[in-house]
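Take a look at the structure below.
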Amino acid sequence: MNTIKAFSLLFAALFIFSCDPARKATATGDDGILEFQILQMNDVYEISPSASDNIGGLARVATIRKELLAKNPNTFTVLAGDFISPSVLGTLKFEGKRIRGRHMVEVLNTLGLDWVVFGNHEFDYDDLADLQSRLDESKFTWLAANARLKGTTWTQQFFKNKTGGGTDICPDNQTLTLKDADGTTLNLGLFGVLINSGRKPWVEYSDWAEAAKKNFAELKPKCDVVLALTHLAIEDDRKLAAMLPEIPLVMGGHEHDNMRVPVGPSVITKADANAKTVYIHTLRYDKRKKTCTVKSELRKINASIADEPATAAVIAKWEKIKNESLTSSGFNANAIVTKLDKPLDCRETVVRNGQAPVGVMITEAMLAVSRNKPDCAILNSGSIRVDDVLSGTLTELDIVRMLPFGGGITEVEMKGGLLRKTLDAGFNNKGNGGYLQLNLVRREDATGKWFIGANALDDNKIYRVTLPDFLLSGNESNMGFLKASIGADGKSDNPDIPKIIKPDPKDKNDLRNDIRLALIRYLRGE
């Protein structure tokens, strides 16, 4: 009887052992399947939640990252370009220098970012030293397969200076070997390509498509899965996915609205700007079948997610610096400017695609401070960066968020032919920052004719135009012909802009020196 009982107990134990999934995995070893996760952000300019709706916030994203890592150590965090600029904080001074993205790098270091691809706004600053400082401070890896640091007679990959000497290059691509609990391994490859609109004399671009093909060809023989991290227009992301269908996931940026776009067997994903949402990708690779499935969840970042303490502490430090710097720059962050009768839609999808109420508001303020009886005012939509719907009470901080670059207002005399060329270029820039917000200008849709005030635009007439200083730099999309400055002889160097009238930069009472102050005074009726 004891023998039968013992045998029964042994049989029961073996049955339980064989039915336990955890024990079965240990017993059988490598199951040939590995899951890994990627937390994706893109186009992040603000470290804190939006003041208007409490959405976003990088301390909340850091919490999600910690939760994902606790469930699966094969978790990575990426940012698909645009974070160094622009932001309110980036334009302010700390320790005698413009912050210019220093705050973003420190917060992202603390959050635990793994990889970024350069975006066009990483090249906003004229001084290469600003970007180099951000590179040197960063703990994450920058990818740039089609961008190179350019000297007088040479080009090379961007790099980071290491503490204590030496450098680390910013690679075109990365390979990484992943391993899970049962011993399954996977070789992962990742490359990054970007748009070529961030033009500076010290950066040189190659064709992104050729760079993508070259890097995929390099990675594919040694990787089980190859992914792309991009900062391209969605049309180009579609081309990439169609061109390289073996890439299961293209994680993109540049557009500021979330999207998930299937292209054949691939999928393109972009989250909302300013970490209002993030994508959580779960990728499952079967080594035996050599297949990779992608499951993507768009997660809204809101108050239901607690702040991760270490990241929150760094954000609090920079918010304090922001408020102190704004005060020293003549802005009272919490001072009321006006109360809005209805919400003011400042989202990029609105201001870069049509004439928007916020554009009317700003150009009216520009006309109000002009001193030379302007015929019209124009404003590049890329000046408006808040990418939010503002409602209720508008504060001085909201104005600075709306126009973080600030900048002066210039009045010019412009030949009608050049004005027409400018208006046409602005109209054709629909969808990007070079789209123009207009005042005292209209376009007849049926004919495409332009009218200044009540009269058709005359190519032979000289018009008085009020515009931001930036447009005269010639750096706006498709508007290089607007480049103009005052020479040593006091005259304009652009024959189609015979007269340039700038305010005295020392005159603090001349609101043309800062478009933000002009808007604040205009809205207050002062």
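The values are calculated or read from the model by the stated rules, or taken from the named source; none is laboratory data. Since the structure is predicted, the reported quantities are computational estimates derived from the model, not experimental observations. Here Cβ is always computed from backbone atoms with ideal geometry, including for glycine, and neighbour counts include all displayed protein chains.
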Does at least one position in the stretch 369-379 carry a residue that is free of Cβ contacts under 8 Å to residues at least 60 places away in the same chain and buried (at least 20 other Cβ atoms within 10 Å of the Cβ)?
-> no
Counted residues, the stretch 345-359 - those being of a type in the set (A, V, I, L, M, F, W, C), modelled with pLDDT under 95 and out of contact with any Lys or Arg (no Cβ under 9 Å at 6 or more places or on another chain) = 1
Flag for residue 333 being loosely packed, with under 14 Cβ neighbours inside 10 Å and more than 19 Å from residue 79 (Cβ to Cβ) | no
Residue in the stretch 203-225 that is outside any helix (DSSP H, G or I), closer than 21 Å to residue 285 by Cβ and in contact (Cβ under 8 Å) with a residue 60 or more places away in the chain present | yes
Search result, residues across the stretch 473-484 that are closer than 19 Å to residue 416 by Cα and either small (Gly, Ala, Ser) or out of contact with any helix residue (DSSP H, G or I) (no Cβ under 6 Å at 6 or more places or on another chain) (or both) | 474, 480, 481, 483, 484
Just wondering, is there one or more residues in the stretch 511-526 that are under 15 Å from residue 375 (Cβ atoms), buried (at least 17 other Cβ atoms within 10 Å of the Cβ), among the hydroxyl-bearing types (Ser, Thr, Tyr) and touching a residue at least 12 places away in the same chain (Cβ under 8 Å)?
-> no
When you scan the stretch 256-323 for strands (runs of 3 or more DSSP E) that lie fully inside it, which ones turn up with 2 or more residues that are surrounded by fewer than 16 Cβ atoms within 10 Å (Cβ to Cβ) and in the same structural domain as residue 184 (by TED's automatic domain parsing)?
-> 259-263, 277-286, 291-300
Exactly one of (1) at pLDDT below 95; (2) over 30 Å from residue 186 (Cα atoms) is unmet by residue 314. Its number?
-> (1)
Could you check, for the stretch 364-384, whether at least one of its residues is in a loop (DSSP other than H, G, I, E, B) and under 21 Å from the mean Cα position of the chain (by Cα)?
-> yes
Can you tell me how many residues in the stretch 1-58 are part of a loop (DSSP other than H, G, I, E, B) and at pLDDT below 50?
-> 2
With the condition kept exactly as written, say whether any residue in the stretch 59-72 is closer than 19 Å to residue 231 by Cβ and touching a residue at least 24 places away in the same chain (Cβ under 8 Å).
-> yes
